Amino acid sequence: MKNIQKSLAVVARDEKAISPSSRSPYYPFAAASGAGALLKDADGNEYIDFSAGAASLNTGTCHPRIVAAIKEQAEKLLCYTIGYMYEESSVELAEKLISITPGDFPKKVAYGLSGSDAIDGAIKFARKYTGRSEIITFQTAYHGCTYGALSASAICLNMRRGIGPMLSGFHHFPYPHCSRCPWKEEPATCSLACLKEIKKAFSLYLPPEEVAAVIIEPVGGDIGIVVPPARYVRALAELCREHGILFVSDEVQQGMGRTGKWFAIEHFGIEPDIIAVSKSLASGMPLSALIMRSEIADSLKDPGHCFTLAANAVCCKAALATIEVIEDERLIERSTKLGRNICSRLNAMKRENPLLGETRSLGLTIGQEIIKADGGPDRDACAKICYRCWEKGLILTFLSDNVLRIQPPLVISDQEAEKGLKIIEESLEDYKNGAISDEALLFAKGWS
């Protein structure tokens, strides 16, 4: 048993000083340092990172080039608000984001500090540009915790209990999760019944001419890494075009190369009207951006989406260095190749371990179901396996009751990835052999 006394002391102090609203706990890991895909806790124990800080560290922890860019800028200018003045790095970053996002049309950028405020901004821009009030989102979607993003989300009761009312005008429809299809349809013969629910609403109670936007995660993240059928996403985009509804792609978790494209929506051949990015945009530094059609960006006047600290020079330089690293180190291509290799290893494990259910993936965003003998979700098994992985030196979380969330930094080496997979394999065996105590469940709670 490794020594974690300092980590436990941090946990104890945390419980006395920090609101429990800000964390879903998995195990008592207190991060202290790291490099690339390796982390150390407060006690000096080393771990392989299969989480990337909730997909916010695509370039890994403390990439030398990004650290150097931050240090260089910090010595010149930390922040002077672009809410009133001008600063070149914010312009340079906007120009770069415009160049890498899909769509050969004029675009502009609006900045913020988090994925949540990016979604709030998308709602504001969509309503202002269209003059419409209604917003379509999806059941099981997570878009953030500010009131607009929270109103768009529909995944966790603890996010809403006791703090209503939410913003009005939001309509949540079933997300296309084929292996859990409520209509029992098969992919080969699917009639897109879930899309028909939106069309039915348009004919019964939701006038399409009053809908400003559809906000969708091109890969359902916190539902358990669900990749929708391409024909659904394309049909949804066509429905939006038919009714003058803006198509908003929430790329906060999946963007910046994680799926094997700059943005996950590119896998479906769609050019969104608005793209929301954050998390890995600045390698974990607080920055968000909306990249949108120029006419949409110009519709909202100052100070409609203005934040004093947004797009500060340090964060913008971190983001520019992040994009350079992704390009120079060919991390998008690496995401595709390594993601394919990891999935191949997981599928090989299934031949020996019936606990492993469906594997879902795009690039290095991978969800691995843990199931019971009858094929149903096994939350306790998933929590215990996740906890045992930490005990053995792997940082890994789970989603949607029974899905291991495998989202390592894109810079992870083949050797590190294989070592992490070996830990998962050993932890599965430990669970199968009854070697993981129920005490793990006291801490490994995940999403409530």
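None of the figures in this text is laboratory data; all of them are computed from the coordinates on show. Everything numeric in this text was worked out from a predicted model, so none of it was measured. Don't worry about glycine lacking a Cβ; one is built from the backbone with ideal geometry, like all the others, and counts go over all protein chains shown.
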Among Pro174, Pro228, Pro20, which one shows the biggest mean-square fluctuation in a GNM of the chain, springs joining Cα atoms closer than 10 Å?
Pro20
Would you mind computing Rg(Cα) / (2.2 N^0.38 Å) for segment 67-328, counting N as its residues?
1.01
What FRET efficiency, computed as 1/(1 + (r/R0)^6) with R0 = 41 Å and r the Cβ-Cβ distance, is obtained for Leu204 and Asp104, rounded to the nearest 0.05?
0.65
When the Cα centres of segment 142-174 and segment 342-363 are compared, how far apart do they sit, in Å?
33
Please work out the Cα center distance from segment 196-219 to segment 292-330, rounded to the nearest Å.
29
How would you classify segment 148-220 from its alpha-carbon gyration tensor, with a ≥ b ≥ c the square roots of the eigenvalues: rounded for a/c under 1.5, else prolate if a/b is greater than b/c, otherwise oblate?
oblate
I'd like to know which of Ala122, Ser99, Ser294 lies farthest towards the positive end of the charge dipole of segment 67-328, counting +1 on Cβ of Lys and Arg and -1 on Cβ of Asp and Glu.
Ala122
In whole Å, how far is the Cα centre of segment 61-88 from that of segment 89-139?
22
Can you list the lysines whose alpha carbon sits under 18 Å from that of Lys184, skipping same-chain ones fewer than 8 residues off?
Lys196
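What's the FRET efficiency of Glu329 with Glu271 using the Cβ-Cβ distance as r and R₀ = 25 Å, to the nearest 0.05?
It comes to 0.40.
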Rounded to one decimal in nm, the spacing of the 7 Å Cα→Cβ label points at Trp447 and Tyr80 is 4.4
So for His267, His63, fewest C-beta neighbours within 10 Å to most, what's the order?
His267, His63
Order of Phe247, Phe29 - criterion: other Cβ atoms within 10 Å of each residue's Cβ, fewest first:
Phe29, Phe247
Assigning unit charges at the beta carbon (Lys, Arg +1; Asp, Glu -1) and nothing else, what dipole magnitude in debye, to the nearest 20, does the chain show about its Cα centre?
480
Per GNM of the chain with C-alpha springs under 10 angstrom, the most fluctuating residue out of Thr81, Thr322, Thr61 is Thr81
Per principal axis, descending, Cα span of the chain in whole Å:
60, 59, 44
Could you sort out which of Lys108/Lys261; Lys71/Lys392; Lys71/Lys422; Lys96/Lys124; Lys108/Lys317 sit more than 26 Å apart by Cα distance in this structure?
Lys71/Lys392; Lys71/Lys422
Rounded if a/c is under 1.5, else prolate if a/b beats b/c, else oblate: with a ≥ b ≥ c from the C-alpha gyration tensor eigenvalues square-rooted, which is segment 264-368?
prolate
Note to self, the chain gives a 222 nm [θ] from helices alone (DSSP H runs n ≥ 4, -39500 (n - 2.57) apiece, / all residues, nearest 500) of -11500 deg cm²/dmol
Between Ala348, Ala122, Ala319, find the one with the highest GNM mean-square fluctuation for the chain; connect C-alpha pairs within less than 10 Å.
Ala348
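Going by how many other beta carbons lie within 10 Å of each one, how would you line up Lys184, Lys6, fewest first? Each step should come with its number before you reach the end.
On the way: Lys184 6, Lys6 15.
By the 10 Å Cβ count, ascending: Lys184, Lys6.
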